[in-house]
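Values quoted throughout were computed directly from the atomic coordinates according to the rules given, and no laboratory measurement underlies them. What you see is a predicted model, and the numbers here were worked out from it, not measured in a lab. All Cβ positions, glycine included, derive from the backbone under ideal geometry; neighbour counts span all protein chains shown.
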Amino acid sequence: MKILDLGHVRLHYRVDGPDAGAPLVFANSLGTDLRLWDPILPHLPEGLRIVRFDKRGHGLSSCPSGPYAMGTLVKDTESLLDHLGIRDSVFVGLSIGGMIAQGLAVKRLDMIRAMVLSNTGAKIGSPALWQERIASVEKGGIESLADATMARWFSRAFQSKPELELWRNMLTRQEDQGYIGCSAAISGTDFYTTTAGLRLPTLGIAGADDGATPPDLVRETTELVPGSQFHLIRKAGHLPCVEQPVEYADVLTRFLKEVGHV
């Protein structure tokens, strides 16, 4: 575990694999930390340089006062990858992480040679929806949203498993202000025009039972990029890397091979 002090924020990150390995960067969703990707790591090819991090207000990173802007989250990520000397990565972003991927690809295409847009959109929800969630957290903390969030995150079959408690606990132990800040960032983001201007290998991944970013939204966003691919994972909700880690890793590995990253 390492911390990068950027002055205005301290980012917790982790790098696994050889320094000379092809870089694979993961950006996780709202309300989760970098452990979101643990289930798929054993199923990925060896030799990759895997970078994971907690965005501001999440995990072990610091929690500056909000609200946050998407541009700020993109800048945090850019600063981390610059610090690590990352270029020509494959960038995997889930939910808000997928928005960060889109924003960073527009700004620093030298850092991203291919991207995976997982369970995300060029625009997610509406300002009214996010303001409602922000108000709920301000009044009752993240706990007030936890049960409804689990219903959006996971398929009905997974919701009956004991493991659900792990992810519910991960959500409720995030900083309220971090959740509020990142919710504001999502609320103010519409990347339809900018993402449509991108030209790089792109894979979209959706969960058939996703109640947060439905498959049609993910497909629509992915198809903004000419020549993109789309894969639907069945029996999975918003976090298919948790519910179907083997299939998720297989799809990702195939994409890595297609773009010459392994």
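Structural remarks
- Set of lysines near K107 by C-alpha distance (under 19 Å), chain-local residues within fewer than 8 positions excluded: K55, K75, K123
- The range 116-262 shape via C-alpha gyration tensor axes, a/c threshold 1.5: oblate
- Over all other residues within a Cβ to Cβ distance under 15 Å of H43, the charged ones net out to -4, with Lys and Arg as +1 and Asp and Glu as -1.
- Whether the range 1-128 is rounded, prolate or oblate, judged on the alpha carbon gyration tensor where a/c under 1.5 counts as rounded: rounded
- Full-extension gain in nm, D216 to L41, via 0.36 nm per residue minus C-alpha separation: 60.3 nm
- Exposed loop positions in the chain were taken to be GluC sites (Glu not before Pro) whose DSSP state is not H, G, I, E or B and which have at most 16 other beta-carbon atoms within 10 angstrom. Between these positions, the longest stretch is 47-162.
- Full-extension gain in nm, L164 to A148, via 0.36 nm per residue minus C-alpha separation: 4.5 nm
- Residues of the range 243-262 with an amide N closer than 16 Å to a point placed 7 Å from the Cα of L232 along the Cα-to-Cβ direction: none.
- Using every pair of distinct Cα positions in the range 133-194, the Kirkwood expression returns a hydrodynamic radius of 12.9 angstrom.
- Reported to the nearest whole Å, the Cα centre-to-centre distance from the range 119-161 to the range 228-262 is 23.
- Length gained when the stretch D110-R156 is fully extended (0.36 nm per residue, less Cα-Cα span): 12.5 nm
- Relative compactness, the chain, computed as alpha-carbon Rg over 2.2 N^0.38 Å: 0.92
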